Amino acid sequence: RTAQGTASMSVSLNSSVLRREVPTDFLGLSFEMSSIMAANNGGQAWMSGNTTPLSTMLSKVGVHNIRIGGNSSERTPYASTSDANNVEAFANLIGANLIWNVPVKQNYNQSTSVSFVQSMYNNWSAHGYTFPLNIEIGNEPDNDDGTTGSHISYSTWQSRYDGFSSAFRSQIYSGILSTGPSSAGCCSYPNGLENDPTYQGSLKSTIGDVTVHNYPLGSSTSYGTYGAIEIGRAHV
């Protein structure tokens, strides 16, 4: 052991430079759509309104946002309404906001998705849940998943976002929030939504979040082996 000396340190705050406060609901977790499906878990729902070690841990940590989406939300099969009901009960149990993804790429079908969200709202309303219903319009619309229709242009995504946003408010519930574009790259898609004059006026309140995914190491396809990923991580 070596003797430890003393050191002095001072911290000065520049009051002329304002920064946003970290919001109380900053912390959240994202789960693949396929992971919450009972059909993929031996018929059992691992997210529900029942207290479990998982729900207890997330409550203690202070997770205030749960996102259900990922690439699996853009593929079939999609979650069932009972899966969605269980996730809503889970979000209510741990006191988290819920962000639920609907597809906009190869599995895009507005009427089907609106009907699904209608069932979510019916369940939300019947139980008296108070967390906001926040529907994410698509997952990584700018990303090519290697299948036909897995990449759409910003204009196509924006058109589908507009259609969903209008349908949610007019057919289901005016308080449902729409979120997007959850793009894989920065920054044209999120900037396009943020600066769209349509949502700078009376419709601004219909947007829950403007989202983008950040991959500091790039695509996993850039690394041939797990060891290569470790090397890439070491140099971040």
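Can you tell me which residue among S72, S34 is more than 27 Å from H127 (Cα to Cα), open to solvent by less than 100 Å² (accessible area, probe 1.4 Å) and not in a loop (DSSP other than H, G, I, E, B)? Walk me through it before giving the result.
Values: S34 fails: more than 27 Å from H127 (Cα to Cα).
Answer to the selection: S72.
Against the conditions (1) closer than 27 Å to Y215 by Cβ; (2) open to solvent by 50 Å² or more (accessible area, probe 1.4 Å); (3) basic (K, R); (4) modelled with pLDDT of 85 or more, where does K60 fall short? Just the number, please.
(1)
Which residue is nearest to S183 (Cα to Cα), if the candidates are limited to region 110-147 and must be among the acidic types (D, E) and open to solvent by 30 Å² or more (accessible area, probe 1.4 Å)? Don't jump to the end; show me each part of the working.
Pass one, region 110-147, residues among the acidic types (D, E): 136, 140, 142, 144-145.
When the remaining residues are screened for being open to solvent by 30 Å² or more (accessible area, probe 1.4 Å), the result is 142, 144-145.
Numbers: D142: 6, D144: 11, D145: 13 Å.
Per the criteria, the residue is D142.
Under the condition of being in contact with a strand residue (DSSP E or B) (Cβ under 8 Å, 6 or more places away or on another chain) and of a type in the set (S, T, Y), which residue from region 168-203 is modelled with the lowest pLDDT?
Result: Y199.
Which of the residues belonging to region 160-176 are open to solvent by 40 Å² or more (accessible area, probe 1.4 Å) and within 16 Å of I207 (Cβ to Cβ)?
First, the residues of region 160-176 that are open to solvent by 40 Å² or more (accessible area, probe 1.4 Å): 160, 162, 166, 169-171, 173-174.
Matches in region 160-176: R160, D162, S166, R169, Y173, S174.
For (1) farther than 19 Å from I99 by Cβ; (2) hydroxyl-bearing (S, T, Y), each residue gets a yes or a no:
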residue: V114; (1), (2): no, no
residue: H127; (1), (2): no, no
residue: T130; (1), (2): no, yes
residue: N134; (1), (2): no, no
residue: N139; (1), (2): no, no
residue: S153; (1), (2): yes, yes
residue: S159; (1), (2): yes, yes
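Which residues, taken from region 204-217, are over 21 Å from P132 (Cβ atoms) and in a strand (DSSP E or B)?
Scanning region 204-217 gives no hits.
For region 103-121, state whether one or more residues are over 22 Å from M57 (Cβ atoms) and touching a His at 6+ places or on another chain (Cβ under 8 Å). Spell out how you get there, then give the answer.
In the first step, residues of region 103-121 are kept if they are over 22 Å from M57 (Cβ atoms); the result is 103-121.
From what is left, the residues that are touching a His at 6+ places or on another chain (Cβ under 8 Å) are 105.
Yes; the residues of region 103-121 include at least one that is over 22 Å from M57 (Cβ atoms) and touching a His at 6+ places or on another chain (Cβ under 8 Å).
Residue by residue, here is whether (1) among the acidic types (D, E); (2) free of Cβ contacts under 8 Å to residues at least 12 places away in the same chain; (3) surrounded by fewer than 14 Cβ atoms within 10 Å (Cβ to Cβ); (4) assigned to a helix (DSSP H, G or I) holds:
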position: L29; (1), (2), (3), (4): no, no, yes, no
position: A45; (1), (2), (3), (4): no, no, no, no
position: T51; (1), (2), (3), (4): no, no, yes, no
position: S55; (1), (2), (3), (4): no, no, no, yes
position: T76; (1), (2), (3), (4): no, no, yes, no
position: I99; (1), (2), (3), (4): no, no, no, no
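Every residue, every condition in (1) over 24 Å from V210 (Cα atoms); (2) under 18 Å from the mean Cα position of the chain (by Cα); (3) modelled with pLDDT under 95, yes or no:
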{"site": "I68", "(1), (2), (3)": "no, yes, no"}
{"site": "T81", "(1), (2), (3)": "yes, no, no"}
{"site": "L93", "(1), (2), (3)": "yes, no, no"}
{"site": "N101", "(1), (2), (3)": "no, yes, no"}
{"site": "S125", "(1), (2), (3)": "yes, no, no"}
{"site": "T148", "(1), (2), (3)": "yes, no, yes"}
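Can you tell me how many residues in region 57-69 are outside any loop (DSSP other than H, G, I, E, B) and either in contact (Cβ under 8 Å) with a residue 40 or more places away in the chain or among the charged types (D, E, K, R) (or both)? Break it down into steps so the answer makes sense when it comes.
Narrowing region 57-69 to residues outside any loop (DSSP other than H, G, I, E, B): 57-61, 65-69.
Narrowing further to those that are either in contact (Cβ under 8 Å) with a residue 40 or more places away in the chain or among the charged types (D, E, K, R) (or both): 60, 65, 67, 69.
So the answer is 4.
The values are calculated or read from the model by the stated rules, or taken from the named source; none is laboratory data. A quick note: this is a predicted structure, and the numbers were derived from the prediction, not measured. Here Cβ is always computed from backbone atoms with ideal geometry, including for glycine, and neighbour counts include all displayed protein chains. When the accessible area is computed, the model is the full protein with side chains, heavy atoms only, and any ligands, DNA or RNA have been set aside. Shrake-Rupley method; radii C 1.70, N 1.55, O 1.52, S 1.80 Å.
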